[in-house]
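The values are calculated or read from the model by the stated rules, or taken from the named source; none is laboratory data. What you see is a predicted model; the values in this text were computed from it and never measured. We place every Cβ from the backbone using ideal geometry, glycine too, and count neighbours over all the protein chains shown.
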C-alpha cells in the first residue's frame, strides 16, 4: 500500500497541498476511491485514507489514527564529531532504526558546541531526524538529545536499554548484536580514551570490535546499527513500520 507522510495527522477530510496532490495523482496515478496509508513521524501515529481526486485538487478522507507499534529501544551514543558529520549520523541512524541519539562530548572530541548555539543545533538535528523518518517511511522519528558529557550520556543510555556495547578499536570480541534493547556507543574522531572505556565497563557495558579495519566515526555508526537491524530481522519488513 502507498504510504504518505502527513503532519499533523487527524481523522477527517484533508486537502493536500499542491506538491503532494501532484505526486499522488500524476506520479502514482491514484484515482478517487483508492486507499493509502498516511503517517505522522512526529506523533508516531498512522491511519488509512481514501483518495478523492477532483481535477488538480486531491482530498483524503482520513480514518481513525492508531499508534504505531513501538520498536525495541536502540540507542546510539555518538562521540561528538567535527563539522556537519553529526547531521549525517542522525539521518542514517533514523533510516536504520535508532530510537534515541545521544551526542557525547569525549576527551578527543575536537568540535564542541557553543552554549549560544546549542539549542539551535539540537532543533536542526531533530528536524533532520523528522525529515529522514518521513523519507524512509518510519512512523516515529528518534529523539535527539543535546550533547552530554560521556559519562552522563552512558547513564541516559543505560536507563533506556538492557545492554550496552562500546565499539573500540582495541576490542578483540566481534560485535554480535542481539534482538533486545541495546545501546551502541561510538567514539569521535581519534577514538575513545581508555578511561572512557573503563567508565563504560564500570556501568556494565562491554567492548566489541567491528573488524580489523578502523572505520570513520560516522561509518562505524551506520555499520553497527545496520548489524542490529539485521539481527532483529527488520529489513524485510522495513516498509511496514
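With respect to residue 53, is the statement that it is farther than 22 Å from residue 130 by Cβ and either crowded, with 16+ Cβ neighbours inside 10 Å or in contact with a helix residue (DSSP H, G or I) (Cβ under 6 Å, 6 or more places away or on another chain) (or both) true?
Values: farther than 22 Å from residue 130 by Cβ: yes; either crowded, with 16+ Cβ neighbours inside 10 Å or in contact with a helix residue (DSSP H, G or I) (Cβ under 6 Å, 6 or more places away or on another chain) (or both): yes.
So residue 53 fits the description; yes.
Determine whether the range 92-101 contains at least one residue that is part of a strand (DSSP E or B), assigned by TED's automatic domain parsing to the domain that holds residue 200 and either modelled with pLDDT under 90 or under 27 Å from residue 139 (Cβ atoms) (or both).
Step one: list which residues in the range 92-101 are part of a strand (DSSP E or B), which gives 100-101.
Cutting the leftovers down to assigned by TED's automatic domain parsing to the domain that holds residue 200 gives us 100-101.
Filter once more, keeping what is either modelled with pLDDT under 90 or under 27 Å from residue 139 (Cβ atoms) (or both): 100-101.
Among the residues of the range 92-101, at least one is part of a strand (DSSP E or B), assigned by TED's automatic domain parsing to the domain that holds residue 200 and either modelled with pLDDT under 90 or under 27 Å from residue 139 (Cβ atoms) (or both), which makes the answer yes.
Residue-wise test of (1) surrounded by fewer than 18 Cβ atoms within 10 Å (Cβ to Cβ); (2) part of a strand (DSSP E or B); (3) touching a helix residue (DSSP H, G or I) at 6+ places or on another chain (Cβ under 9 Å).
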| position | (1), (2), (3) |
| --- | --- |
| 13 | yes, yes, no |
| 31 | yes, no, yes |
| 43 | yes, no, no |
| 48 | yes, yes, no |
| 72 | yes, no, yes |
| 76 | no, yes, yes |
| 81 | no, no, yes |
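State whether the residues of the range 226-237 include one that is closer than 17 Å to residue 74 by Cβ and modelled with pLDDT of 95 or more.
No; the residues of the range 226-237 include none that is closer than 17 Å to residue 74 by Cβ and modelled with pLDDT of 95 or more.
Whether any residue in the range 118-132 is over 19 Å from the mean Cα position of the chain (by Cα), modelled with pLDDT of 95 or more, assigned by TED's automatic domain parsing to the domain that holds residue 230 and surrounded by fewer than 21 Cβ atoms within 10 Å (Cβ to Cβ) is what I want to check.
Checked against the condition, which is being over 19 Å from the mean Cα position of the chain (by Cα), modelled with pLDDT of 95 or more, assigned by TED's automatic domain parsing to the domain that holds residue 230 and surrounded by fewer than 21 Cβ atoms within 10 Å (Cβ to Cβ), the range 118-132 yields no hits at all.
Scan 2, 13 and give me the residue that is touching a strand residue (DSSP E or B) at 6+ places or on another chain (Cβ under 6 Å), touching a residue at least 40 places away in the same chain (Cβ under 8 Å) and more than 30 Å from residue 160 (Cα to Cα). Spell out the reasoning first.
Details: 2 fails: touching a residue at least 40 places away in the same chain (Cβ under 8 Å).
One residue alone meets the criteria, 13.
Determine which single condition residue 131 fails, assuming it passes every other condition in (1) under 15 Å from residue 94 (Cβ atoms); (2) in contact with a helix residue (DSSP H, G or I) (Cβ under 6 Å, 6 or more places away or on another chain); (3) free of Cβ contacts under 8 Å to residues at least 60 places away in the same chain.
(2)
Quick one: in the range 83-101, of everything that is buried (at least 23 other Cβ atoms within 10 Å of the Cβ) and in contact (Cβ under 8 Å) with a residue 40 or more places away in the chain, which residue is nearest to the chain's Cα centre (by Cα)?
So the first thing to find is which residues in the range 83-101 are buried (at least 23 other Cβ atoms within 10 Å of the Cβ), and the list is 86, 89-90, 93-94, 96, 98, 101.
After this cut, where a residue has to be in contact (Cβ under 8 Å) with a residue 40 or more places away in the chain as well, the list is 89-90, 93-94, 96, 98, 101.
Working: 89: 9, 90: 6, 93: 4, 94: 2, 96: 7, 98: 4, 101: 7 Å.
For the range 83-101, the residue satisfying everything is 94.
Would you mention how many residues in the range 198-234 are touching a helix residue (DSSP H, G or I) at 6+ places or on another chain (Cβ under 8 Å) and at positive phi?
Qualifying residue count for the region: 1.
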